[in-house]
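Take a look at the structure below.
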Amino acid sequence: MDLTRRAALRAAVATAGAGAMVLATPGGALAAYPTLRRGSTGSAVRTLQSRLSDLRYWCGTVDGVFGGLTEQAVLALQKAAGISRDGIVGPATWSRLSAGVRPSVRTLSGTWVEVDKARQLFLHVVDGRLTMALNTSTGSGQRYWSRGAWHVAVTPSGSYRVYRKVDGWDDGPLGSLWRPAYFNGGIALHGYGSVPAYPASHGCVRVSLSAMDMLWRSGRVPVGRRVTVY
């Protein structure tokens, strides 16, 4: 490393702190990015949000405020990258952002919703091209009691189509689902108040409440939309 870049490196770290991640910008200059988490604000958060959006991880508005939607997008990136799923943007996450990590897809033609249970990701795909990735939570695999019998919380693999939607809260025996899009019996893609980084549902495919609103507004999950779960 030449003296100029060494000086730039020292200046970048001094500006952002010893725990910062130092990366090369598209122009070749060095820039330091601090560790970010929910509640962080400022230009580094805007950089994070812009990069997430460019890579198709939906985080809502690029506003410089690290809120719940940004955290959900970070979790989706971390899942795609196979790194720790903590929603905190440290050196490992910055490096995957810099590398342009996106989840691979399986469908090659047509418009699909892919539910990747291994990585816990919701993927919207058009002709083999990823158009949106969301953090999701599917069946936990745990036993639960409902309507006088024990069941196992599983999201079955297979190919389906959305056959019914409810515009609002839909109350059922296991709770209320926000704007559900049913694709396999009582199993739906729906909004929920809690979408952790691990499988936690009774079998449905959870996304955040705001993400479900966005999917409705954008028309990405109409009746008839093909869904593949794997």
Here the residues within the range 171-189 that are at pLDDT below 95 and in contact with a Lys or Arg (Cβ under 8 Å, 6 or more places away or on another chain) are Pro173
Filter the range 106-152 down to the residues that are in contact with a His (Cβ under 9 Å, 6 or more places away or on another chain) and under 18 Å from Ala81 (Cα atoms) and list them by number.
Glu114, Leu130, Thr131, Met132, Ala133, Leu134
For Arg206: the one exception among (1) part of a strand (DSSP E or B); (2) loosely packed, with under 15 Cβ neighbours inside 10 Å:
(2)
Kindly establish whether Asp86 is in the same structural domain as Asn135 (by TED's automatic domain parsing), within 25 Å of Tyr230 (Cα to Cα) and either surrounded by fewer than 21 Cβ atoms within 10 Å (Cβ to Cβ) or in contact with a strand residue (DSSP E or B) (Cβ under 9 Å, 6 or more places away or on another chain) (or both).
no
Ser104 fails exactly one of (1) surrounded by 15 or more Cβ atoms within 10 Å (Cβ to Cβ); (2) closer than 23 Å to Leu55 by Cβ; (3) of a type in the set (Ser, Thr, Tyr), namely (1)
State all residues of the range 44-79 that are among the aromatic types (Phe, Trp, Tyr) and assigned to a loop (DSSP other than H, G, I, E, B); if no residue qualifies, say none.
Trp58, Phe66
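Among the residues of the range 123-161, how many are within 12 Å of Ser201 (Cα to Cα) and aromatic (Phe, Trp, Tyr)?
1
The values are calculated or read from the model by the stated rules, or taken from the named source; none is laboratory data. Predicted model, so just to flag it, every value in this text is computed and none were measured. With ideal geometry, Cβ positions are generated from the backbone for all residues, glycine too; neighbour counts draw on all protein chains shown.
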